[in-house]
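The structure under discussion is supplied below as structure tokens; questions concerning it will follow.
The values are calculated or read from the model by the stated rules, or taken from the named source; none is laboratory data. Please read all numbers here as calculations on a predicted model, not as lab measurements. No Cβ is skipped: glycine too gets one built from the backbone with ideal geometry, and neighbour counts run over all protein chains shown. All accessible areas refer to the heavy atoms of the entire protein, side chains included, with ligands and DNA or RNA removed. Shrake-Rupley method; radii C 1.70, N 1.55, O 1.52, S 1.80 Å.
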Amino acid sequence: MREGVMQETGPSETLLQAPLDADLRPLQRKAKGTGVPRNSAREESRRLKPAARYTETRSIPKPPARDMKRMPGPWQRFRASCKARLPRCLWGMLVMLAGSDCLTFAQSPAESLPLFVGQERCRSCHASHGSAQPCSLHRISRHAESFTALRRPEAVSIAALSGVVEPPVRSRYCLECHATGAEEGPRWWQATFHAEDGVQCEACHGPGSLHVEHPARTASPYSNRPLIRRGSRQRCTECHQPLPSHREVLERGFRLAPEDEQYKTPVNLAVRPDGRRLYIALERADRVSVVDIPNGRVIREIPVGRRPHGITLDPAGRTVYVTCRLSDEVWAIDAETGDVRWRLPVGRDPHGVVVTRDGKRLFTANTGENTVSVVDVARRKVVKRLIAGQGPWDLALSDDGMRMLVTNIRPNPGVFRAPPVSEITEIDATTAVVARRFSVDGANMLQGVAFVPGTRTALFVLHRTKNLVPITRLQQGWVITNGLGILHEDGRIDQVLLDEPVAAFADPTDIAISADGRKAFVSGGGVDEIAVVDVAALLKFVENGSDESRSEILPNHLGSAHRFVRRRMAVPVNPRGLAFDPVRETLYGAAALADSIFAVDAAGEAVRTIPLGGPDRITPLRRGERLFHSAAVTFGRQFSCRSCHPDGHINGLTFDIEADGLGLHPVDNRSLRGILDTAPFKWNGGNATLARQCGPRLAVFFTRLLPYSSEDLDDLVHYIATIERHPNRYRRRDGLTPAQRRGKMIFERTVDNAGRAIPISERCTFCHAGALKTNRQQVVVDTAMWFDAPLPVPRDLFNADEYGDLGNYVYVDTGTPSVPFDVPQLENLPETAPYLHNGAARTLEEIWTRFNMVNHHGRTGDLTRRQFNDLIAYLKSL
Amino acid sequence: MPEVPSVIFLQIPVETSDVEAGATDDSSSRKGPFPGARIVQWGPGAADKVATLTEGFAAVGRFDLSFDGRKILFAGRRRDESYSAILEMDIDRRTARRVTREPRRYREAVYLSPIYRFDEDRPHRLIAFTADAEPFGVPVLFTCRLDGSDVRPITHTPSAVRSPYLLSDGRIVFSLMAGGPGGASPSAVEALYTVFADGADVFPFAAPHAPPARRSMTTELPDGTVVYVESRDPDPLDGGRLVTVRRVRSLSTRRVVPGTTEGFYHSPSGFDDRTILVSYRASGAESYGIHLLDLESGRRTLLFDDPRYDDLFARVRRPRTPPAGRSTNVRSDDQPAYLYCLDVRITRDGADAAHPPSRARRVRILTAVPTLAVSKKNTAEQQERTGFASAPDPNDHGARGVALAEAPIYEDGSFYLQVPAAVPLRVETIGENGEVLQRMRSWFWVMPGESRGCIGCHEDRERTPPDRHVLALRNPPFVVPPLSSVVRRPAK
């Protein structure tokens, strides 16, 4: 059982710089030991290793004593004293030992890392020494205006198509090309540096503080790391490449419509115990709407944090709690006055929220960090973070207030190409500890959950995705089936389907149960329907089944829904959150893409709607959003785009798509957040544009209905492009931590720890370049496995039970042809597991510790543990 | 009586029906075109007067109304022509244009929704029609574009196909004789199957293993109820009782419409949610007349009857929503076809202690050849060369099975084959000692480029596949040779 307090997973902040310092020692010794002039040694090095001419390595002159005096800090002083006392060879050995983690030095790493000084500081020297031309050119070039370009009106539309939610002048993604030093962050800027100066000298040459301190040298006296970088064409092309988001706006004239900012998008709602008020989380509007139920009118809107999602009230009905996904907070609002009482950071990407019966504790499901936060309401403090499954989504509290269940949308990491197993986490609400973890076999996308009143049995919605079966047909539920899970009091879990043959109930999202426990209502977000379930009939149906039937047949049978689904009734577009009002015996539901609330009477007959005041006009972007969430594009309405991309993200599964061979080429699902500028698409980079990716190919191999019309496709692509990037919670507001900064230097390094030049193609930055960390090309990095090879697959590499050690398969088979893959963007990596094209790597670390044995996916074999941790820390910050 | 808008129907002279009923060629009597028949339009205020749409035609068959309600599509033969064609007529202008060009024996035609093929630049609107075709000489379902180009057969079975109808989900439902060309006998089983417009994913729709009867003339109501005619008693035009199923669970929701077991009902079509237009002839009566029928109560109301004609296939003239189109990767004929099964042990058949499916070790793949094409010499030669025996099937009157290959079944019950495309196929599971454990009862086919997956053998048709990465799919497919490499045709 896993339980405990969540800890920051970043590496230690006191790591050593020495391994990098040791990099060029062998090369230097060779040059000096052979008596060859240093320049000749450099030429020799270039001749023998053509790639090395890009490494910007230098033979380093002995540092003058005055320079040493300028270098502050204990580590420098220690090195200086050693250098004075020890023979050179002994010093070299010491450094080598340090590089192998045998020594640890206490030192503030920030002191040894260069800072950005700003163009004025550069000009102060270069303007007076005959090298003023670059500065002059810069001042008259558009580089100097690049920052101000972000203030133009078009920039907002470009940012929207890049998935950027903040103003462009504050977006790291925009600033990485339109300014300097944005990735490192303000923490690494000297007082003389101003981001508003646009693309400055240091954008190409790197932060210049060490160069300013040691103007006579080109490289650190103790390191191969140059004090100032030589500009390269690659640096230019990282930004100077046509980006689809810019083209769409500047060439095709795309603009956000005013209404796009006015939609409400209600996603969840809560009813006050007296049945007089309804509180609705408006995701798009960043507000909470208050509806007077007797009058059926909106009486107030309360601004809250970014992207409110979960909402609930305390048992007395005095306080409304709402989670805000993008601001990672829970807000407490006075239910009567609408005043905000307090707000509190709770965890990454909080979704569900629930209050204990005594109102003293608040639980939030933090989808972005796989935890549940426990908030002491009186102290307004997170007192615990409990480890949940993967992507905790919704919570439900039992009648007695003792038992809390948490659903998780993604399956737990497991054996490669094994059926998904998701988790229901049970928490003892009184002690706030994890009590049990239930495995839900073969299921994913566990979302809404509710207890049957008066019992300890709970119902939850789920997908049963057939991701291990090739997507070859849609009849008979061959791709995704949609259903209900039943968690009995004794811990047994049953699953049944809400689908019928060729009439699926796509995207079951939430569930609410009537006060008498007789009817359960399930929202079908993809089919715009509510299913009314006879709870007693459902329980009787599953309990009458044999063990084999309950484990094998019922979860996979399309003919059982009629036994317990009494009605499927049409409701407004994209129903999501549900709440049952016991006072009026009425179900309320949030129609997210209709900007309305619908009410259904207890008999499940009549439906009436309450508009929430969104625009009447449906903009192209909104049309695209509706298409994205609609299963009408699929034969039998079996699934929508959202079925695999909840919140525009991933469902954590690997799929077998027909086009590239049955059983072969499994491909991991990729996030859609900020995807437009990462073209080409598909893991083989075969689709140059999003329109091609979502066009006929999608229809032929996935939905099997007609492709989107060109107008629909345009709208859909524009909507997908606007799916928001989530803030990276591993990145501090003031920029990279020292560990992350060191990781960045490893990421950008050009020589390995032994001083050998790293071939360009094996450098991280060769492929993962630019703001999005992709060169948008297809490369061979030997991550292909035998089942990625073209037919025929060698039979002797096949293990009857499992795939065995995938890493070995890669390299034992000398006949495995190289397969190029699209270079993926590195965006919020901690939230995109599993990794690699086929999802074989369960963690970031496994990419290199299991699947990079020949160092073709970056030169990482020589990294020390701490360097490796720094690299991982940096990657998590992207 | 509800107000009745304009209705279009087919009138077949009673004498012609009787003559055709006695014909030895069964297909002409049931599938048309019918000599002397005509398509007419009848308005509610016109009393017994009808307007003939097909002046100048010697024979016409069942028609289909276009989605906009302005045109009809039918098989017909003009008086001055010697062979029939599929024609499309503008109802108001009374002008007909020929759609098909090749000389065939055309039977029936229906409009389809557009189809998008991966190797084409845009979707194309299609029609489907039945016409006699080789090698089995039975009606086969074809598709072509509205201009008659790109004709493709989409059914590949030795049994006769007839009565196609486009369901609201884009599938084509059709009647398939289980007994081949001789299936008109009273003991024949004719069931309903569905197929997509590209010929892929043929699947039973209703009564695949029901008692002997002929099932045809399907129609769907707005609420998803599908009505068809089940004919057990002899009737020259295949009239019978009415049966309903729900489109979404057609295999499990069969219901006989009350009051329709007496007399003969024919060619139902939707009128409103619970009422249909249907032709009815009382037992012993001479001709069919058009009635309104309440599906709940079985109450009939006569709308029109001309005793000189059988008034059939009545359709209300009004626009309707086109069903969803189809995208497909079924391409040209040179693409391979694949067939895989997840677990042959998954079956709904009762446990047979002597032949449990768990004993299956190999799978035998058979194809159908016309009976005359297989000589004893060839069978002996084939057996000598391949070790496989031709498997005669008592249910097939015009075809027999020829074993193409035996492929391995993996430990988890899976198999994976590359099979000849667009030919009749049948699969048998074979035990350790060569005994046949299970045998498919009907023929199916896999289209070029199609990858057809099966869950098990005779599995519950409402069951979804288990989520397993099966062993067979970790290996290359077993290549099943085409018929030409197994059996030589007899010299003429």
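On the accessible surface of region A:562-650, probed at 1.4 Å, how many percent belong to carbon and sulfur atoms? Please list the in-between numbers first.
On the way: 1530 of 3020 Å².
Carbon and sulfur: 51 percent of the exposed surface of region A:562-650.
Let me ask something additional. How far is helix B:376-386 tilted, in degrees, relative to the longest principal axis of the Cα atoms in chain B, given as a value from 0 to 90 rounded to the nearest 10?
That works out to roughly 50 degrees.
Assuming a strict under-25 Å limit between Cα atoms, what lysine pair count do you get for chain B once near-sequence pairs (fewer than 8 apart, same chain) are dropped? Mind showing how you got there, number by number?
Details: B:Lys31/B:Lys71; B:Lys49/B:Lys71; B:Lys376/B:Lys492; B:Lys377/B:Lys492.
Close lysine pairs found across chain B: 4.
Excluding ligands and nucleic acids, what accessible area in Å² is computed for B:Asp460 using a 1.4 Å probe, to the nearest 10?
Looks like 50 Å² after rounding.
Over the Cα atoms of chain B, what Rg and Dmax result, in angstrom?
Rg and Dmax of chain B, Cα atoms, are 23.2, 73 Å.
For a paramagnetic label modelled at 7 Å from the Cα of A:His488 toward its Cβ, which residues of region A:520-549 fall within the zone defined by backbone nitrogen distances under 20 Å?
A:520, A:534-549
Given R₀ = 25 Å, what would the calculated FRET efficiency be for A:Glu261 paired with A:Asp734, taking r from the Cβ atoms and rounding to 0.05? Could you put the intermediate results ahead of the total?
Values: r = 29 Å, r/R0 = 1.17.
Efficiency at R0 = 25 Å is approximately 0.30.
Turning to a different aspect of this structure: In the full protein assembly as shown, how much of B:Leu141 is accessible to a 1.4 Å probe, in Å² to the nearest 10?
0
I've got another one for you. In debye, nearest 20, what is the charge dipole magnitude of chain B about its Cα centre with +1 on Lys and Arg Cβ and -1 on Asp and Glu Cβ, if you could check?
On the way: 66 positive and 64 negative charges, 123 e Å.
Charge dipole of chain B: 580 debye, to the nearest 20.
Show the residues, 5+ positions off or on another chain, whose built amide H is closer than 5 Å to the amide H of A:Val164.
Residues meeting the criterion, in which the H sits 1.01 Å from N, are A:Arg725.
With a 1.4 Å probe on protein heavy atoms only, tell me which residues of region B:116-139 lose at least 10 Å² of accessible surface in the complex relative to the chain by itself.
B:Tyr116, B:Phe118, B:Pro123
Pop out the ³J(HN,Hα) list for region B:288-301 in order, Karplus 6.51 cos²θ - 1.76 cosθ + 1.60 with θ = phi - 60°, rounded to Hz; leave Gly and Pro as x.
Going residue by residue, I get 8, x, 9, 10, 9, 10, 7, 5, 6, 9, x, 6, 10, 10 Hz, with x marking Gly and Pro.
Further question: Please enumerate, by chain and number, the aspartates and glutamates with C-alpha under 19 Å from the C-alpha of A:Lys384, excluding those fewer than 8 residues away in the same chain.
Within the straight-line limit of under 19 Å, A:Lys384 reaches these aspartates and glutamates: A:Glu3, A:Glu8, A:Asp328, A:Glu329, A:Asp349, A:Asp358, A:Glu369, A:Asp376, A:Asp394, A:Glu426, A:Asp428.
Round to the nearest 0.05 the FRET efficiency obtained for A:Arg456 and A:Arg170 when R0 = 30 Å and r is the Cβ-Cβ distance. Display every interim value, and only then the final one.
Values: r = 49 Å, r/R0 = 1.62.
Between A:Arg456 and A:Arg170 the formula returns 0.05.
Right, another one. Rounded to two decimals, what is Rg over Rh for region A:734-774 when you use alpha-carbon atoms and the Kirkwood radius?
Details: Rg = 11.4 Å, Rh = 11.1 Å.
Radius of gyration relative to Kirkwood radius: 1.03.
Please report the buried accessible area for the interface of B with A, total over both chains, probe 1.4 Å, in Å² to the nearest 100. Numbers along the way, then the final one.
Values: alone 20690 and 35330 Å², together 51700 Å².
Separately minus together, B and A give about 4300 Å² buried.
Would you list A:Cys236, B:Cys144, A:Cys122 from the most to the least accessible area, probe 1.4 Å?
Numbers: A:Cys236 60, B:Cys144 0, A:Cys122 25 Å².
Final ranking, largest accessible area leading: A:Cys236, A:Cys122, B:Cys144.
If you plug each phi of region A:570-586 into the Karplus form 6.51 cos²θ - 1.76 cosθ + 1.60 with θ = phi - 60°, what whole-Hz ³J(HN,Hα) values come out, in order, with x for Gly and Pro?
6, 9, x, 4, 6, x, 10, x, 10, 8, 9, 9, x, 5, 9, 6, 10
Accessible area, 1.4 Å probe, largest first: how do A:Val434, B:Val436, A:Val583 sort? It would help to have the intermediate numbers written out before the result.
Working: A:Val434 5, B:Val436 50, A:Val583 85 Å².
Reading off the accessible areas and sorting them downward yields A:Val583, B:Val436, A:Val434.
For a Förster distance of 41 Å, can you work out the FRET efficiency between the beta-carbons of A:Glu543 and B:Ser358, rounded to the nearest 0.05?
Details: r = 29 Å, r/R0 = 0.70.
Once the sixth-power term is evaluated, E becomes 0.90.
With a 1.4 Å probe and all protein chains in place, put B:Phe118, A:Phe254 in order of accessible area, largest first. Don't jump to the answer; show the numbers that get you there.
Working: B:Phe118 50, A:Phe254 30 Å².
I get B:Phe118, A:Phe254, largest accessible area first.
Let me ask something else. Counting pairs of alpha carbon atoms under 8 Å apart in space and at least six apart in sequence, what relative contact order in percent does region B:7-324 give?
On the way: 870 pairs, mean separation 44.2, N = 318.
Taking the mean separation of contacting Cα pairs over the length of region B:7-324, I get 14 percent.
Eigenvalues of the Cα gyration tensor times 5, then square-rooted: what semi-axes does that give for region B:147-266, in whole angstrom, largest first? Intermediate results must be reported in sequence, preceding the final value.
On the way: eigenvalues 102, 66, 32 Å².
Semi-axes, largest first: 23, 18, 13 Å.
Which residues, if any, in region A:555-575 have at least 20 Å² less accessible area in the whole protein complex than in the isolated chain, probe 1.4 Å?
A:Asn556, A:His557, A:Leu558, A:Gly559, A:His562
Taking amide hydrogens as modeled 1.01 Å from N in the peptide plane, which residues meet the under 5 Å criterion relative to A:Asp862, leaving out close sequence neighbours?
It is none; the list stays empty.
Which far-off residues, 5 or more places away or on another chain, put their amide H under 5 Å from the one on A:Asp510, with H placed in the peptide plane?
For A:Asp510, the qualifying residues are A:Gly448, A:Ser523.
I've got another one for you. Kindly report, to the nearest 10 Å², the accessible surface of A:Thr367 as traced by a 1.4 Å probe over protein heavy atoms only.
10
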